[in-house]
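Scroll down for the structure; my scribbles are underneath it.
Just so you know, all these numbers are worked out from the coordinates, no wet-lab data involved. Keep in mind the model is a prediction, meaning the values are calculated, not measured. For neighbour counting, all protein chains shown are included, and Cβ atoms are generated from backbone atoms with ideal geometry for every residue, glycine included.
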Amino acid sequence: MFRKALTFVLLVAVLSGCTPPGSQQNNANQGDPNAIVAGSAVSPTGDGAKISAAQPVSSQPTAAQAPALTATAPKNTPAVVKPTPTLAQSGASSPAEDQNGSQVLGPDSFPEGVSPLTGLPVENIENLALSPALVSVTNFPVTARPQSGLSFSPFVYEMYIGEGMTRFLAIFYGDYPKKGGETSGIALSDDRIGPVRSGRLPYESIRMLYNGFLVMASASSVVLPGLSSYTNVFGSDTGDINSALIPATKLEEIASKNPKRLQQAALTGLQFDSAAPANGKLGKMIWIPFSFLNQVIWRYDESSGAYQRYQDNADGKTFVQATDRLNEKPLAYSNVVVLFANHQAKRETLINIDLMYVDKMPALLFRDGKMYEIYWTTANGEYEKKTGLVRPIRFVDAQGNPFPLKPGQTWVEIVQQYTKYNETVDSEVYFELKNKTSPGSGSWAIHFFPTIPERK
């Protein structure tokens, strides 16, 4: 019976051009060449996990120290605007009002106590001086769900790691989950974040852009040399691949030991506006099939003004709403960004993504039930040239002017630069979503397919 089921899944994968998750249901890092077994040089924390500062958090590389990456695209990529030498800046030292009377924040400076990653006030202003923690959170096997702590992350990056699977890099900055604290009237019984899994090649670029440090369950011998400023976390149960979690208090402790790491204005660059920009297309649903057994759907919830995440239960058909293990609340994000970027695969599970010093590449922004075709950039602007530092990915319009996010949290789906997209039907049936079109429906299909590994 199992062989028949497997044969069916493989047949569907071939017909659809997708790759089924190879070993996503297995334990002990099977099928995961980027994960290694924990060594003995770790110390127990008393919270069910072991933490090892495998490499001290060092000083932040500057823009001049990091290698420049080019952003070349095949002919079938979405339209890419030619590089512009300098991006326009339109920030203000204090909140401004747009034509609709809404408050505009950023991109160059923010009021005291307001996070430059969300455009919202934080409870603990002192934490804004601490470096962001970037935690590698697993999405497979499905027993890792629901993950813990994601609803407290200002930014989550989801990326393809091979064999049909994706992994999250969640950024924690400003307010952390606090054991005993309340969120939406619910007292948190825990503050641990995870499950934590191995590091991946794209993590280093994102870490540099956010002037932060990585938290991961080590990495393969091929990946590890390319990562820096990291802390390793290992589970205490060798039979449970999901047992590695890190307390939020530990993240604060690690960040506080490097108080001078985050330099002033190093996280600026984003603009926020509570009013939705004009001329957006209807965008109430997003479907991204990373593989037949790894499909993601985001649905706009008008009551909350946010997008809620759903994912199939690794069966290609049963969609489950994503929640946070800490508070049992649905994962809801004010902004969902589909970011088109150049992927480079040395082999199936060894994939890097060009994110540094990119002049301008396409992106889709979903906010307020609308979809906007915009661009993203990490080009050296006036701030970078003056300070020698880098800042987070910025979002701009065709002329290079800042394009506003909605105040709140943002989830970024990274796909290949040549990924096609179109309006489809509102459904949860793979073949309907994949093959049907419905202009004006507001239901968008992002036709992801894996990067082909380079030939030896």
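Label sites at Q399 and N422, each approximated as a point 7 angstrom past Cα along Cα to Cβ, lie 3.3 nm apart.
Once both labels are positioned 7 Å from their Cα atoms along Cα-to-Cβ, the gap between T238 and D315 label points is 3.4 nm. Distance between the 7 Å Cα→Cβ label points at N435 and S221: 4.7 nm. Counting 0.36 nm for each residue step from T143 to S303 and taking away their Cα separation leaves a gain of 54.6 nm.
Here's the picture: a label point sits 7 Å out from the Cα of E126 along the beta-carbon direction, and within the range 237-270 the residues with their amide nitrogen under 14 Å of it are 252-259.
Net charge near V425: determine it from the other residues with C-beta under 13 Å of the C-beta of V425, scoring Lys and Arg +1 and Asp and Glu -1. Please report the intermediate quantities before stating the final value.
Values: positive: K284, K434, K436; negative: E423, D426, E428, E432.
That works out to -1.
What does the net charge come to around K178 if you take all other residues with beta carbon closer than 12 Å to its beta carbon, with K and R at +1 and D and E at -1? Net of charged neighbours comes to -4. R0 = 41 Å: FRET efficiency of K179 with K346, Cβ-based, nearest 0.05? Once rounded, the FRET efficiency stands at 0.50.
What number results when the radius of gyration of the range 300-346, computed over Cα atoms, is divided by 2.2 N^0.38 Å?
Working: Rg = 14.2 Å, N = 47, 2.2 N^0.38 = 9.5 Å.
Output field value: 1.49.
Pairs exceeding 18 Å between alpha-carbon atoms, taken from K317/K434; K360/K434; K386/K406: K360/K434; K386/K406. Averaging the sequence gap over all C-alpha pairs within less than 8 Å and six or more residues apart, then dividing by the number of residues, gives the range 318-456 a relative contact order of 25 percent. Overall shape of the range 351-396 was characterised from the C-alpha gyration tensor. The equivalent ellipsoid obtained from it has semi-axes of 23, 14, 8 Å, in decreasing order. The alpha carbons of the range 43-447 stretch over 55, 51, 47 Å along the principal axes, in descending order.
For the pair S109 and N279 in one chain, pulling the backbone fully straight at 0.36 nm per residue adds 58.5 nm over the alpha carbon distance.
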